[in-house]
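Asker: I have a structure I would like to understand better, so I am pasting it below and will then ask my questions one at a time.
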Amino acid sequence: MGGINAIMNIARGALQANQIAMEVVSHNIANVNTPGYTRQSAVLESASPVSINQLKIGTGVQVGSVTQASDPYTTRAIQQNTSSLNEYQTQASVLSQLESLFNETGNATLSNAMNDFWNAWQDVANNPGGTVERTALLEKANILAQKFNSMSNDLTQTKKDMNTNLQMGIEKVNDLTKNIADLNDKIVAAEADKTTANDLRDQRNNLLQELSSWVGNVSVEQGNGSVTVMTQGGNLLVDGNKHWDLQQSGNNIYYNNVPNDISKNLTGGQIGGWLNIRDEVVPQYQSNLDELAGTLIRQVNTLHSTGYTLSGQTGKKFFDNSQVPVSGDNTGAAGYIQLSADVQNNPSNIAAGSIPPAAPGDSSPGDNENALKIVALQTDNSIQIRQWTISDRGTSTSNSLQTETMDGYYQTLVGEIGTTTQAANENQSFAQSTLDNLQNVRDSVSGVNLDEELTELLKIQRAYEANSKIISIADEMLQSLLQVQ
Amino acid sequence: MRVATPTVYRGIEQNILRTYSDLNKIDEKVSSGKNFNRPSDDPVAMVNSLGLSNTLARIGQYQTNMNTAKGWLDTSATVLDQVSQVAASAQQIAVQLSSGNQSADVRNEAASQIDGFLNQAIGLGNTQLNGKYIFGGYKTATPPFADSGSGATETVVYQGDPKNDFKVQIGPNETIAAGKNGETVFMNSNLFASLIGLKQAIVNNDQTAIQQESTNLQTATDYLNAQVSDVGIRQSQLQTQGQMFTQVSANLQNQLGDLVNVDNNQAILEMQQKQTAYNVALETAAKISKVSLLDYLT
C-alpha cells in the first residue's frame with residue numbers, strides 16, 4: 001500500500017500519537033502538586049517502514065511506551081530519611097514536654113523546693129523551740145515531697161501515653177501493610193504485559209513512605225514488580241499480596257499474634273521514637289529522680305533518728321521510709337516520698353537536738369545540733385549517689401557512683417535532659433534539611449516543571465497542526481484526482 | 001539542575017518557616033528577658049544558673065542567720081558591759097567599807113545597795129531577746145539564773161544549759177556561738193557568789209571578808225570585761241563574714257544576671273536582623289510566584 005491513503009494514514013497515526021502525548025502532558029500538569037507523583041512521558045517512535053518497489057518507506061509515528069522519570073535510589077533514601085526524621089521529631093516533641101517538668105527557669109521547681117527545705121531546717125536551727133519554724137519546715141518538706149511525687153507521676157504518665165500512641169501507630173502500620181500488599185497484587189497484574197504501572201507505583205511509594213514515617217523498614221522490589229517489606233529487625237510485614245500484622249499487648253508488641261515481644265525489632269519512625277522514650281529516656285530520668293529522692297530519705301532519716309525531739313524522744317523518722325528497702329534499691333522513691341507519721345501534724349517530733357534531755361520529761365527546748373547536721377547535708381559533697389544510664393530499650397542498665405551534693409546531682413539531671421532535648425531538636429532539623437534536599441534531588445528527576453510541560457504542549461500542538469495540515473493537503477490531492485475525468 | 005515547579009514552592013515555604021521560627025525564638029528571648037526559657041535552650045548555662053541560684057539562696061539564709069546572731073551578740077555585749085559596771089560599782093562600795101568601821105545605818109544602807117546590785121545582775125543574766133533567754137545555752141525557754149535561799153544560805157543557781165553555747169550557722173560548716181551559756185559567762189566569774197558574800201560580810205561587819213570579796217569582785221569585773229571583748233571578737237568575725245557575703249552575693253548576682261538576662265541592645269539588633277530575613281523571604285515568595293511561562297503565551 002502506498003499513495004495518498006498512506007499519507008493520510010501516517011497523518012492520522014500522528015494525530016493519535018500526539019493526542020496521547022498531550023494526554024500525558026496534561027496528566028503531568030494535573031499532578032504538578034501531587035505528593036510523590038513521578039513525571040511521565042510518552043515515548044514517540046517511528047513506525048516500522050514498509051517496502052515498496054524496494055524502497056523503505058516510513059509509516060509515521062507511534063507511542064512506544066509511557067515511561068516515568070523515576071529515581072529509585074533517591075526514593076529509597078527518602079523513605080529511610082522519613083523514618084529518621086519522624087523518630088527524631090517524635091522524640092523532640094515528647095522531650096520538650098518532659099523538659100517542662102524539669103524546667104528550672106520558673107519558680108515552682110524542685111530546685112527551689114529543695115532550697116526552701118534546707119532553709120527551713122536553718123530556721124529551725126535558729127530557733128529549735130519555735131513551733132512556727134517547725135511547722136514551716138513540715139510544710140516545706142511536704143511541698144518538696146509532693147514535687148517529687150508529681151514529677152514521678154508525670155513520668156509514669158508519659159510512659160502510659162507512649163503506649164496509647166503505639167496502639168494508634170500499630171493500627172496504622174497494619175492498615176498500610178495491607179494496602180501495600182493489595183497494590184503489589186494490582187501492580188503485578190498490570191505489569192504482566194511488560195508495561196509499567198506508573199501511577200500504581202507512585203501510590204505504593206507514597207504508602208511505603210508513610211509506613212517509614214511510622215516505623216523504619218527495609219523494602220526490596222522483586223522481579224515481578226512487587227515489594228517485600230520487613231521491619232529493621234527482620235520481621236516480614238509484606239510479601240507479594242500477603243501481609244502480617246503487629247499487635248500490642250500492654251508493654252509488648254507481638255508479631256503475627258505470637259506472644260513474644262518484638263518491640264526491639266521496631267526502630268525508626270514515630271513508633272521507634274515512642275519506644276525509645278518509653279524504654280530508655282523516661283526510665284532513665286525516673287531512676288535518677290528515684291535515686292535522688294531515696295538518698296534524701298535515707299540521709300535525712302539517718303541523722304533525724306539519732307536526734308532528740310522537743311519532748312526528748314529519739315528514734316523518730318522524718319520521711320516515711322516504710323517502703324525503702326534495706327538493699328538500697330531506690331526504685332519508686334520519688335513516687336512514695338512523704339513525711340513520716342512521726343512528724344506529720346506533729347512538729348514537736350522534729351528531732352532538732354542531738355543532746356539527750358537532762359531529765360525525762362524535761363520540756364525545755366533542746367539544742368539545734370542535729371538540725372545543723374541536717375542542714376550540712378545540703379553542702380555535703382561526699383554523698384554517694386548512683387547515676388543510671390539506660391540504653392538498648394531498657395535491656396542495658398548500668399550505674400556509676402557519683403560523689404557530689406544532692407543539689408549538684410539534680411543539676412546534672414537537669415543539664416542532661418536539656419542536652420538530650422537540644423540534641424533531639426538538632427537531629428530533627430538536620431534530618432529535616434537532609435530530607436528536603438533529597439526531595440529536591442528526587443524532584444529534579446521526577447518532579448513536574450510547568451514551564452517545561454507548557455513548552456512540550458506547544459511542541460505537540462504545532463505537530464498536531466502540521467499533521468492536520470497534511471490531512472487537508474492529502475484531501476486536496478484526492479479531490480484533484482477525483483476531478484480528473 | 002532541573003528544577004521542578006513544586007521545588008520552588010517548597011523552597012519558599014521552608015525559607016518562610018525557617019526565618020519565622022528564628023524570629024519567634026528571638027521574640028521569646030526579648031519578651032521574656034531571659035536568654036533561655038527551658039533547659040534545652042542552653043543546658044550549660046541552665047546548670048550554671050541553677051548552681052548560682054542555689055548558692056545565692058544559701059547565702060541568703062546565712063545572712064538571715066547572721067542577723068539573728070548579730071541581735072544576740074549586740075544584746076550580749078550591752079548586757080555584759082552593764083553587768084561588769086555593776087560588779088565595779090559593788091567593788092567600790094566594798095573598798096569604801098573596808099577603810100574602817102562604819103555605823104550600822106551605813107552598813108545596812110550598803111547591804112541593801114549590794115542586794116539591789118545582785119538583783120540587777122540576775123535580771124541582766126535573765127535578759128530575753130524575742131522571748132528567748134540568751135544566756136541559757138540551748139535552754140532558751142527557762143530563766144537561766146534564780147536566787148534561792150536567804151541570809152547565810154542564799155545562792156544563785158544556774159538552771160540553763162551548763163555545757164553548750166547557742167550556735168548559729170554562718171557559712172558552710174561554720175557556726176558561731178551567738179549566745180554563750182551562763183555557766184561560762186556568769187557562774188565562772190563568781191559574781192553572784194561574791195555579791196552574796198559581800199552582802200553577808202557587810203551585815204556581819206567582817207572587814208577581812210569585805211576585803212576578800214573586794215578582790216573577788218575585781219577578778220569578776222576583769223573576767224566580765226574579758227567576756228565583753230570575747231563578744232566583740234565574735235561581732236567583728238560576724239561583720240567580716242557579713243561583708244564577705246555581701247560582696248560574694250553581689251558578684252554571684254552579676255554572674256547570674258549575665259547568664260540569665262538578655263542583653264537588650266544585642267537582642268533587639270538580632271531581632272531586627274531576623275525580621276529583615278523574614279520580610280525578604282516573604283517578598284521573594286511574592287516575586288517568584290508571579291513568574292510563569294503562561295504569562296507570555298497567548
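Asker: Restricting attention to segment A:61-94, report how many residues are assigned to a helix (DSSP H, G or I) and free of Cβ contacts under 8 Å to residues at least 24 places away in the same chain.
Answerer: 2
Asker: Can you find even one residue in segment A:402-425 that is open to solvent by 70 Å² or more (accessible area, probe 1.4 Å) and either at pLDDT below 90 or of a type outside the set (S, T, N, Q) (or both)?
Answerer: no
Asker: OK, next. Check A:T421 against each of (1) more than 11 Å from chain B (Cβ to nearest Cβ); (2) of a type in the set (S, T, N, Q); (3) in contact with a Ser or Thr (Cβ under 6 Å, 6 or more places away or on another chain) and name the one condition it does not meet.
Answerer: Against the list (1) more than 11 Å from chain B (Cβ to nearest Cβ); (2) of a type in the set (S, T, N, Q); (3) in contact with a Ser or Thr (Cβ under 6 Å, 6 or more places away or on another chain), A:T421 comes up short only on (1).
Asker: Is it the case that some residue within segment B:212-226 is of a type in the set (D, E, K, R) and open to solvent by less than 40 Å² (accessible area, probe 1.4 Å)?
Answerer: Taking every residue of segment B:212-226 in turn, at least one turns out to be of a type in the set (D, E, K, R) and open to solvent by less than 40 Å² (accessible area, probe 1.4 Å).
Asker: If you don't mind, there's one more thing I want to ask. Provide a single number: the residues in segment A:448-462 that are within 8 Å of chain B (Cβ to nearest Cβ) and among the aliphatic types (A, V, I, L, M).
Answerer: Selection size over segment A:448-462: 4.
Asker: Just a yes or no: is a residue in segment A:432-447 open to solvent by 40 Å² or more (accessible area, probe 1.4 Å), among the aliphatic types (A, V, I, L, M) and within 9 Å of chain B (Cβ to nearest Cβ)?
Answerer: The answer is yes; a qualifying residue exists.
Asker: Further question on the same structure: Can you pull out every residue in segment A:90-104 that is surrounded by 21 or more Cβ atoms within 10 Å (Cβ to Cβ) and either among the aromatic types (F, W, Y) or modelled with pLDDT of 90 or more (or both)?
Answerer: Within segment A:90-104, A:T90, A:Q91, A:A92, A:V94, A:L95, A:F102 qualify.
Asker: Can you confirm whether B:Q113 is more than 9 Å from chain A (Cβ to nearest Cβ), polar (S, T, N, Q) and over 28 Å from A:W121 (Cα atoms)?
Answerer: Yes: the conditions hold for B:Q113.
Asker: Name the residue, out of A:V43, A:V25, A:V66, A:V124, that is under 30 Å from A:Y409 (Cβ atoms) and among the β-branched types (V, I, T).
Answerer: Of the residues listed, the single one that is under 30 Å from A:Y409 (Cβ atoms) and among the β-branched types (V, I, T) is A:V124.
Asker: Please determine whether any residue of segment A:74-82 is within 30 Å of A:Q232 (Cα to Cα) and among the basic types (K, R).
Answerer: Among the residues of segment A:74-82, at least one is within 30 Å of A:Q232 (Cα to Cα) and among the basic types (K, R), which makes the answer yes.
Asker: So B:L52 clears everything in (1) hydrophobic (A, V, I, L, M, F, W, C); (2) within 9 Å of chain A (Cβ to nearest Cβ); (3) surrounded by 15 or more Cβ atoms within 10 Å (Cβ to Cβ) except one condition, right? Which one?
Answerer: (2)
Asker: How many of the residues making up segment B:265-296 are within 14 Å of another protein chain (Cβ to nearest Cβ) and surrounded by fewer than 10 Cβ atoms within 10 Å (Cβ to Cβ)?
Answerer: Looking only at that region, the number is 4.
Asker: Hey, another quick one. Name the one entry in A:T306, A:T302 that is outside any helix (DSSP H, G or I), open to solvent by 40 Å² or more (accessible area, probe 1.4 Å) and among the β-branched types (V, I, T).
Answerer: Exactly one residue qualifies, and that residue is A:T306.
Asker: Could you tell me whether segment B:31-44 includes any residue that is buried (at least 19 other Cβ atoms within 10 Å of the Cβ), outside any helix (DSSP H, G or I) and more than 9 Å from chain A (Cβ to nearest Cβ)?
Answerer: Looking for residues that are buried (at least 19 other Cβ atoms within 10 Å of the Cβ), outside any helix (DSSP H, G or I) and more than 9 Å from chain A (Cβ to nearest Cβ), one finds at least one in segment B:31-44, hence yes.
Asker: Now, a different point. Which of the residues spanning segment A:133-155 are closer than 21 Å to A:V300 by Cβ and either open to solvent by less than 40 Å² (accessible area, probe 1.4 Å) or hydrophobic (A, V, I, L, M, F, W, C) (or both)?
Answerer: A:R134, A:A136, A:L137, A:L138, A:A141, A:I143, A:L144, A:A145, A:F148, A:N149, A:M151, A:S152 - these are the residues of segment A:133-155 that are closer than 21 Å to A:V300 by Cβ and either open to solvent by less than 40 Å² (accessible area, probe 1.4 Å) or hydrophobic (A, V, I, L, M, F, W, C) (or both).
Asker: Considering segment A:174-211 alone, what residues qualify as being within 14 Å of the chain's Cα centre (by Cα) and either of a type in the set (A, V, I, L, M, F, W, C) or under 20 Å from A:N256 (Cα atoms) (or both)?
Answerer: The answer is A:L211, and nothing else.
Asker: Here's another thing I want to ask about it. Looking at (1) more than 22 Å from A:A431 (Cα to Cα); (2) open to solvent by 10 Å² or more (accessible area, probe 1.4 Å); (3) of a type outside the set (V, I, T), find the lone condition where A:Q80 falls short.
Answerer: Exception for A:Q80: condition (1).
Asker: Here's something else I'd like to know. Taking segment A:162-184, which residues are farther than 14 Å from A:W214 by Cα and of a type in the set (K, R)?
Answerer: Listed by number, the list holds a single entry, A:K178.
Asker: Moving on to the next point. Being within 24 Å of A:G250 (Cβ to Cβ) and surrounded by fewer than 16 Cβ atoms within 10 Å (Cβ to Cβ) narrows it down to one residue among A:T158, A:T164; which is it?
Answerer: A:T164
Yes/no matrix, rows are residues, columns are (1) part of a helix (DSSP H, G or I); (2) in contact with a helix residue (DSSP H, G or I) (Cβ under 7 Å, 6 or more places away or on another chain):
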| position | (1), (2) |
| --- | --- |
| B:V8 | yes, yes |
| B:Q63 | yes, yes |
| B:G71 | yes, no |
| B:S76 | yes, yes |
| B:Q91 | yes, yes |
| B:N101 | no, no |
| B:A111 | yes, yes |
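Asker: Mind checking whether some residue in segment A:109-124 is small (G, A, S), in contact with a strand residue (DSSP E or B) (Cβ under 8 Å, 6 or more places away or on another chain) and either touching a residue at least 40 places away in the same chain (Cβ under 8 Å) or within 7 Å of chain B (Cβ to nearest Cβ) (or both)?
Answerer: no
Conditions tested, residue by residue: (1) of a type in the set (V, I, T); (2) over 18 Å from B:E183 (Cβ atoms).
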position: B:L73; (1), (2): no, yes
position: B:Q82; (1), (2): no, yes
position: B:V86; (1), (2): yes, yes
position: B:L97; (1), (2): no, yes
position: B:G100; (1), (2): no, yes
position: B:G116; (1), (2): no, yes
position: B:T127; (1), (2): yes, no
position: B:I134; (1), (2): yes, no
position: B:Y138; (1), (2): no, no
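Asker: For segment A:241-268, enumerate the residues that are of a type in the set (A, V, I, L, M, F, W, C), open to solvent by less than 60 Å² (accessible area, probe 1.4 Å) and over 21 Å from A:N179 (Cβ atoms).
Answerer: Hit for segment A:241-268 is A:I262, nothing else.
Asker: Same structure again: Could you say whether any residue in segment A:372-388 is more than 11 Å from chain B (Cβ to nearest Cβ), open to solvent by less than 50 Å² (accessible area, probe 1.4 Å), in a loop (DSSP other than H, G, I, E, B) and out of contact with any Leu (no Cβ under 8 Å at 6 or more places or on another chain)?
Answerer: no
Asker: Okay, moving on. For A:T412, all conditions in the list (1) in contact (Cβ under 8 Å) with a residue 40 or more places away in the chain; (2) in a helix (DSSP H, G or I) hold save one; what is the number of the exception?
Answerer: It fails just one condition, (1).
Asker: Here's another thing I want to ask about it. Quick one: which of B:N67, B:N24 is modelled with pLDDT of 90 or more, surrounded by fewer than 20 Cβ atoms within 10 Å (Cβ to Cβ) and within 11 Å of another protein chain (Cβ to nearest Cβ)?
Answerer: That would be B:N67, the only listed residue that is modelled with pLDDT of 90 or more, surrounded by fewer than 20 Cβ atoms within 10 Å (Cβ to Cβ) and within 11 Å of another protein chain (Cβ to nearest Cβ).
Asker: Just need a number here: residues in segment B:89-108 that are surrounded by fewer than 16 Cβ atoms within 10 Å (Cβ to Cβ) and over 15 Å from B:I196 (Cα atoms).
Answerer: The total comes to 10.
The values are calculated or read from the model by the stated rules, or taken from the named source; none is laboratory data. Keep in mind the model is a prediction, meaning the values are calculated, not measured. When we count neighbours, we look across all protein chains shown, and the Cβ atoms used for this are built from the backbone with ideal geometry, even at glycine. Keep in mind that these areas ignore ligands, DNA and RNA; they rest on the heavy atoms of the full protein, side chains included. Shrake-Rupley method; radii C 1.70, N 1.55, O 1.52, S 1.80 Å.
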